[in-house]
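Have a look at the structure below before the remarks.
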Amino acid sequence: MKKVTVLSVFLFLLISILSAQSGYNKREQSGISFEWKIIGSQLQIRLSAPTEGWIAVGFNPSRMMKDADYKMAYVDGDVVVLEDHFGTGNISHKKDSDIGGTDDFQLISGSESNGTTTVEFTMPLNSGDEMDSVLSPGDEVKVLLAYANRDSLSRKHSRRTSLIINL
Ligand code: HEM
């Protein structure tokens with residue numbers, strides 16, 4: 001009987017640990033839901049906002065929007081577009097691949113329904129691209145979140161916010 005109890009407790013703990021590891025961390029701010037989890041050398045992200053336009057996350061600006069590593073996405077019908085951008089100025093950004101960098105992400109899924117856009121993707125913690133942030137588990141990271149009411153990535157956000165997380 002004792003053995004069964006010990007085994008049950010062990011299994012319960014194991015399942016709890018495993019499910020905690022597979023779950024996302026979550027923050028919600030300005031109507032934007034930002035979820036993240038680290039899987040090996042990758043950061044997996046789920047981003048959701050009340051818009052049919054673009055949604056985006058940015059990491060570690062030096063000032064305002066400058067020098068941040070952005071992943072910007074929109075859903076247009078069946079097509080999900082995800083782009084890697086870099087903060088070229090306080091209020092500007094450019095596609096990494098237009099300024100000597102590379103696209104560093106793996107799109108998992110994207111959807112637009114009932115006025116909400118959601119995308120899920122992974123990005124390397126350290127892509128080796130100068131236009132991307134170098135992230136490590138446990139780091140304190142400044143995260144920018146924004147969305148616009150249009151798909152066009154040159155359209156300014158209708159809402160934006162920033163927060164600090166511990167990876
Ligand atoms: C075409 C795209 C974008 C344009 C034209 C744009 C433009 C601007 C402008 C003019 C400001 C200063 C005025 C204000 O506070 O509203 C600003 C601030 C800001 N933007 Fe953007 N932005 C763009 C994309 C993004 C993206 C993708 C993010 C984050 C994922 C972002 C996050 C922010 C934040 C957090 C601020 C406030 C910065 C501060 O005051 O410290 N922006 N943006």
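The values are calculated or read from the model by the stated rules, or taken from the named source; none is laboratory data. In this text, all values refer to a predicted model and were calculated from it rather than measured experimentally. Note that we place each Cβ from the backbone using ideal geometry, even for glycine, and neighbour counts take in every protein chain shown. Calculation scope for accessible area: heavy atoms of the full protein, side chains included, ligands and nucleic acids excluded. Shrake-Rupley method; radii C 1.70, N 1.55, O 1.52, S 1.80 Å.
Per the 1.4 Å probe, what fraction of the accessible area of the chain, in percent, lies on carbon and sulfur atoms?
Numbers: 4770 of 9270 Å².
Ligands and nucleic acids excluded, carbon and sulfur reach 51 percent.
Counting only protein chains, not ligands or nucleic acids, how are Y24, Y70 ordered by accessible area (probe 1.4 Å), most first?
Values: Y24 50, Y70 15 Å².
Per-residue accessible area, sorted high to low, gives Y24, Y70.
In square angstrom, what is the accessible area per residue of the chain with a 1.4 angstrom probe? If you can, show how the numbers build up before the last one.
Working: 9270 Å² over 167 residues.
Each residue of the chain exposes 55 Å² on average to a 1.4 Å probe.
Where nothing but the Cβ of Lys and Arg (+1) and of Asp and Glu (-1) is charged, how large is the charge dipole of the chain around its Cα centre, in debye to the nearest 20? Numbers along the way, then the final one.
Numbers: 17 positive and 21 negative charges, 169 e Å.
My answer is approximately 820 debye.
Expected output is a single nm value to one decimal: the length gained when fully extending between S109 and S97, i.e. 0.36 nm times separation in residues minus the C-alpha distance. What is it?
Working: separation 12, 0.36 × 12 = 4.32 nm, distance 2.19 nm.
Value of the extension gain: 2.1 nm.
Say R0 is 35 Å: what FRET efficiency, to the nearest 0.05, do N25 and S154 get from their beta-carbon distance? Spell out each step's value before the answer.
On the way: r = 31 Å, r/R0 = 0.89.
Working from the Cβ atoms, E equals 0.65.
How far, in nm, would the chain grow between V134 and S41 when pulled straight, counting 0.36 nm per residue and subtracting the alpha carbon separation? Intermediate results must be reported in sequence, preceding the final value.
Working: separation 93, 0.36 × 93 = 33.48 nm, distance 1.11 nm.
That works out to 32.4 nm of additional length.
Show that you can apply the helix-only estimate: for the chain, add -39,500 (n - 2.57) for every DSSP H stretch of four or more residues, divide by all residues, and state [θ] at 222 nm to the nearest 500. Show your work: numbers first, answer last.
On the way: 1 runs with 21 residues, N = 167.
Mean residue ellipticity, 222 nm, calculated: -4500 deg cm²/dmol.
Step through the table entries K26/K95; K95/K156; K66/K142; K66/K156, compare each Cα-Cα distance with 24 Å, and write down the pairs that go over it.
Working: K26/K95 27 Å; K95/K156 15 Å; K66/K142 12 Å; K66/K156 15 Å.
From K26/K95; K95/K156; K66/K142; K66/K156, over 24 Å: K26/K95.
For segment 25-166, what is the relative contact order in percent, using Cα pairs closer than 8 Å and at least 6 residues apart in sequence? Mind dumping the intermediate values first?
Working: 348 pairs, mean separation 36.5, N = 142.
It comes to 26 percent, rounded to a whole number.
HN-Hα J couplings of segment 62-69 from phi, Karplus 6.51/-1.76/1.60, θ = phi - 60°, integer Hz, Gly and Pro as x?
8, 7, 6, 9, 5, 6, 6, 9
Short version: ³J(HN,Hα) in whole Hz for each residue of segment 104-110, in order, from phi by Karplus 6.51 cos²θ - 1.76 cosθ + 1.60 (θ = phi - 60°), x for Gly and Pro, what are they?
After applying 6.51 cos²θ - 1.76 cosθ + 1.60, I find 10, 6, 10, 6, 9, 6, x Hz.
When a/c reaches 1.5 or more, the comparison of a/b and b/c decides; with that in mind, is segment 115-163 rounded, prolate or oblate per its Cα gyration tensor? List each step's numbers first, then the result.
On the way: a/c = 2.08, a/b = 1.83, b/c = 1.13.
Since a/c reaches 1.5 and a/b is larger than b/c, the shape of segment 115-163 is classed as prolate.
Which value, in Å² rounded to 10, gives the accessible area of S136 with a 1.4 Å probe and all protein chains present?
We get 50 Å² for S136.
Each residue of segment 122-134 in order: what ³J(HN,Hα) in whole Hz does its phi give by Karplus 6.51 cos²θ - 1.76 cosθ + 1.60, θ = phi - 60°, with x for Gly and Pro?
Running phi through 6.51 cos²θ - 1.76 cosθ + 1.60 with θ = phi - 60° gives 10, 9, x, 5, 9, 7, x, 8, 4, 7, 10, 6, 9 Hz.
Out of residues 5 or more away from T88 or on other chains, whose amide H comes under 5 Å of its own, with H placed 1.01 Å from N in the peptide plane?
Sorted by chain and number, the residues that satisfy this are D67, H93, K94.
Quick one: accessible surface of R27, probe radius 1.4 Å, all protein chains present, in square angstrom to the nearest 10.
Answer for R27: close to 90 Å² accessible.
Rounded if a/c is under 1.5, else prolate if a/b is larger than b/c, else oblate: which is segment 25-166, with a ≥ b ≥ c the root eigenvalues of its Cα gyration tensor?
Details: a/c = 1.33, a/b = 1.21, b/c = 1.10.
Rounded shape, in that the Cα axes give a/c under 1.5.
Using Cα centres only, tell me the gap between segment 49-69 and segment 153-167 in whole Å.
4
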